[in-house]
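Scroll down for the structure; my scribbles are underneath it.
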Amino acid sequence: MKIGIIREEKFPADKRVVFTPETCVKTVRRFPEIEFFIEKSDIRCFSDKEYLEKGLDVVDDVSNCDILIGVKEVPIEKLIPNKKYFFFSHTIKKQPYNKKLLQSIIKKNIQLYDHETIEDLNNNRLIGFGYYAGVVGAYNGFRGFGLKFNLFDIPRAINLKDREELNKIIGGLVIPKIKILLTGKGRVGSGVKEVLDFMNIKEVSVKDFLEKKYNYPVYTNIDVLDYNHSDKTENTIENFYKNPDLFTSTFSKFNFVTDIFFAGHYHNPKAPKLISNSDITNNDFNIKLIADISCDIDGPISSTIRPSTIERPLYGFHKINLEECDLMDNDALVVMAVDNLPCELPRDASEMFGEMFFNHVIPSFFNNDKEKILHNSRITHNGKLTPRFRYLIDYVND
């Protein structure tokens, strides 16, 4: 089995990779039937030299490979017909900007496996970069808070060598007696929570967060039933995920006591919104910075009006005029909404992602796909959508 690690060609450049040199060696050691071919790249966070030093083949052409693995979307003109591809296609939500990509994949008889669709038999996602989105999102949030209130000025995450350097910086920060709200308990939430715990910020209950005052910084990590309620159905997490439109938001109670809000939740478009423009214009609205790690534009948080960038991760949202402004304006709510946060710690993020791919996906090629991981994650086959993804038929036929 020949596996090609393709060069990332989407702009702006993404330095991440699915298989680090060490993970390639580990994979071949366990599955000697596999041969890796690394397409030359001058932007990858692991250099061609690092792969060569591990005895791996670094090549100009990967068209001899059976399986081609990347991170971001492959440009249409670079797609090789009749191959198996793994990458984030950003098509399963019918994203308009990638319609032609999926159409071309079908036309070229490519078998597409989307990293986002790789799940276990209980529909739990098995791989993703969400954890490092949380870590970097937390760092960027504190950086923005420090700049806004002239507390500290720390480097941008993209300029750090690795997680170890990030830890050294955040470990030395002095945080005032603020209240920090975190939504989400998945990979993104766990990344944020690990940073907060590393900084020795105390976790408190939702009730205490809302009612008590503290002489030191605290945080609470809330789940969907902490900020949604229904009079139409039983208040269970299962019911919320099945019928979010039957619930109403109770999030506003947090607006009056929170200083920093880390949004690390997944939001169903049918679910109630969290923060509206009318919330923000309320004189008692206390939130000073929102790090929208989920980055849903025109979604549950009205101040997330556009994604920010790695180069310029922060912008202001005017709490009276309800439009973008300088983040240092007296009436500015600071917004951090970078939509590709793991790119800021590419080596660490790549190492974790590769481990997940090694543990959950590679064995499926050799155990007759007993967990149906490959079967269920395959979007296209034989020039058609697979049954699980037939809901995209109008998308690709349009």
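The values are calculated or read from the model by the stated rules, or taken from the named source; none is laboratory data. On a predicted model such as this, the values are computed, not experimentally measured, just so you know. Every residue, glycine among them, receives a Cβ derived from its backbone with ideal geometry; neighbour counts consider all protein chains shown.
Here is how the numbers come out for the structure above:
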quantity: Test for Lys83: is it touching a Cys at 6+ places or on another chain (Cβ under 8 Å), among the basic types (Lys, Arg) and free of Cβ contacts under 8 Å to residues at least 40 places away in the same chain; calculated: yes
quantity: Sole residue being part of a strand (DSSP E or B) and among the aromatic types (Phe, Trp, Tyr), chosen from Phe317, Phe353; calculated: Phe317
quantity: Which numbered condition Val174 fails, given (1) at pLDDT 95 or above; (2) aliphatic (A, V, I, L, M); (3) crowded, with 16+ Cβ neighbours inside 10 Å; calculated: (3)
quantity: Odd one out for Asn150, checked against (1) surrounded by fewer than 22 Cβ atoms within 10 Å (Cβ to Cβ); (2) in contact (Cβ under 8 Å) with a residue 12 or more places away in the chain; (3) assigned by TED's automatic domain parsing to the domain that holds Asp329; calculated: (2)
quantity: Subset of region 71-97 that is assigned to a helix (DSSP H, G or I), modelled with pLDDT of 95 or more and not basic (Lys, Arg) - its residue that is nearest to the chain's Cα centre (by Cα); calculated: Ile76
quantity: Flag for Asp292 being under 30 Å from Glu164 (Cβ atoms) and of a type outside the set (Gly, Ala, Ser); calculated: yes
quantity: Selection from region 272-317 of residues that are within 22 Å of Ala133 (Cα to Cα), touching a residue at least 40 places away in the same chain (Cβ under 8 Å) and over 21 Å from the mean Cα position of the chain (by Cα); calculated: Ile287, Lys288
quantity: Residue that is surrounded by 18 or more Cβ atoms within 10 Å (Cβ to Cβ), touching an Asp or Glu at 6+ places or on another chain (Cβ under 6 Å) and under 22 Å from Lys2 (Cα atoms), where the choices are Lys72, Lys83; calculated: Lys72
quantity: Those residues of region 23-74 which are of a type in the set (Phe, Trp, Tyr) and within 15 Å of Ser350 (Cα to Cα), in sequence order; calculated: Phe46, Tyr51
quantity: Options Leu68, Leu102; residue that is among the hydrophobic types (A, V, I, L, M, F, W, C) and part of a helix (DSSP H, G or I); calculated: Leu102
